[in-house]
Amino acid sequence: MTAPLDPYASLRVPDFRRFIAFLAAQTLATMMQTVAVGWQIYLVTRDPLALGIVGLAEALPFITLALPAGHLADRVDRRRLSLAALSVLAACSAALFTVTRLGLVRSGTAWIIYSVIFVSGIARSVLQPSRTALSADLVPRALYANSITWRSSVWQSAAVVGPALGGVVVAIGGPALTYGVAALLLVLAWLALWRVSPHPHPPGQAPSAGLHELLLGIRFLLTQPVLLGAQLLDLFSVLFAGAEALLPLFATDILHVGAAGLGVLRAAPAVGSVLMSVYQAYRPLAGRVGRVLLVSVTLYGVCISGFGISRSFALSTALLLLSGVFDNVSVVLRSTLLQTLTPRHLLGRVSAVNAIFIGSSNEIGGFESGVAARLLGAVPAVVLGGFVPMLVVAMIAWRVPELRRLDRVG
């Protein structure tokens, strides 16, 4: 077996490499499409609340169906379930391409975009827990931390290229071309995932369809104060300090940098996250990880507030980049805790709860940002939102001392 200290250990597993290829293509497509949707909606409505409604349209089905989807991921073949969800996402991108190409999206017909995003939220609610649980099936337990670091690095690398490329493609060919490219990338992602070998169902009794089994992920999480504290940190940070939903407004009306500049702003947090991911692959955190986590979340909030104040494109980009650096620490530690503390036969259901905490918080946070920007203005909404992580850190440090004193993970 490859030595655990080998920074490339998990990448030497063929199925994990195929999984990484799928993840990269799917993330690239999602990020490009997100840029195009935000740009298109804001241009036709000129309303920051419309940007928030996009997030709400995806989050509502995601939250509603995440627990049943996680339960399903513990009962059936996780690979096949992921492939089915990915097929729906590709169809949604193709639908966006079609309605935009036909000129059907105008100020009075934005509901078409919301409807397609709603369907994609259903597919994402299925894909998120099954994908997370599947990744743990592909590598031995000793390589969990290493695989999560590389998974995060590849995801963030695609999240760097995706928004930047999306902004360029929108500037060159408009949203329709961007949706077409996203659909093609999702087809490639499907092919990469299809090449992953089928893996046996995780050990343990297959869950029944009862309500008790459906809620078992929540009950397990409530018995793990360290894991729960880490989840709550990320949830409230993203929920209130997420500025990404308002980036089209900042790019258009405040920084005046256009679609290409929007792509750069979208990519900046992911650039910082990639840098931190690579660093952690070679120099993983060796101690005092609880304190590092709390400090990182605090500094993330400082960066978001600073971005709200900035009127310089260069400074705004740098602050978003640093926010990605600090956010990545939370991502890697939380994901490692999730896979280390959760039994394999529960991983689908616990991952579903994690998806509700984290995955939907981006979209709900986008809606919150849109509402706050409508009521307070975009700048006060972002600046005040950046203070929330600092308050949450103080509360978690006080109420969950086990997390504050956590020394090592894995």
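Values as computed for the structure displayed
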{"item": "Selection count where residues are of a type outside the set (S, T, N, Q) and buried (at least 18 other Cβ atoms within 10 Å of the Cβ), scope the range 79-93", "result": "8"}
{"item": "Given (1) more than 26 Å from residue 343 (Cβ to Cβ); (2) β-branched (Val, Ile, Thr); (3) open to solvent by less than 40 Å² (accessible area, probe 1.4 Å), number of the condition residue 139 does not satisfy", "result": "(1)"}
{"item": "Those residues of the range 142-169 which are open to solvent by less than 10 Å² (accessible area, probe 1.4 Å) and in contact with a Phe, Trp or Tyr (Cβ under 9 Å, 6 or more places away or on another chain), in sequence order", "result": "143, 147, 166, 167"}
{"item": "Candidates 358, 364, filtered to the one that is open to solvent by 30 Å² or more (accessible area, probe 1.4 Å) and either modelled with pLDDT under 80 or touching a Phe, Trp or Tyr at 6+ places or on another chain (Cβ under 7 Å) (or both)", "result": "364"}
{"item": "Residue match in the range 299-306 (condition: part of a helix (DSSP H, G or I), in contact with a Pro (Cβ under 7 Å, 6 or more places away or on another chain) and open to solvent by 60 Å² or more (accessible area, probe 1.4 Å))", "result": "no"}
{"item": "Some residue of the range 159-180 being over 30 Å from residue 43 (Cβ atoms) and modelled with pLDDT under 80", "result": "no"}
{"item": "Qualifying residue in the range 35-47 (condition: surrounded by fewer than 19 Cβ atoms within 10 Å (Cβ to Cβ) and either within 21 Å of the chain's Cα centre (by Cα) or outside any helix (DSSP H, G or I) (or both))", "result": "yes"}
{"item": "Test result for residue 11, over 17 Å from residue 92 (Cα atoms), open to solvent by less than 30 Å² (accessible area, probe 1.4 Å) and assigned to a helix (DSSP H, G or I)", "result": "no"}
{"item": "Those residues of the range 65-101 which are hydroxyl-bearing (Ser, Thr, Tyr) and within 18 Å of residue 352 (Cβ to Cβ), in sequence order", "result": "82"}
{"item": "Residue in the range 49-61 that is surrounded by fewer than 19 Cβ atoms within 10 Å (Cβ to Cβ), closer than 30 Å to residue 258 by Cβ and out of contact with any Leu (no Cβ under 8 Å at 6 or more places or on another chain) present", "result": "yes"}
{"item": "So residue 127, is it farther than 23 Å from residue 65 by Cα and either of a type in the set (D, E, K, R) or at pLDDT 90 or above (or both)", "result": "no"}
{"item": "Selected residue (criterion: farthest from residue 192 (Cα to Cα)) from residues of the range 86-117 that are at pLDDT 95 or above and small (Gly, Ala, Ser)", "result": "95"}
{"item": "Unique match (being in a helix (DSSP H, G or I) and either more than 27 Å from residue 151 (Cβ to Cβ) or modelled with pLDDT of 85 or more (or both)) among 371, 331", "result": "371"}
{"item": "Only listed residue being charged (D, E, K, R) and open to solvent by 50 Å² or more (accessible area, probe 1.4 Å), chosen from 334, 374, 349", "result": "374"}
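The values are calculated or read from the model by the stated rules, or taken from the named source; none is laboratory data. These numbers come from a predicted model, not from an experiment. Note that we place each Cβ from the backbone using ideal geometry, even for glycine, and neighbour counts take in every protein chain shown. Keep in mind that these areas ignore ligands, DNA and RNA; they rest on the heavy atoms of the full protein, side chains included. Shrake-Rupley method; radii C 1.70, N 1.55, O 1.52, S 1.80 Å.
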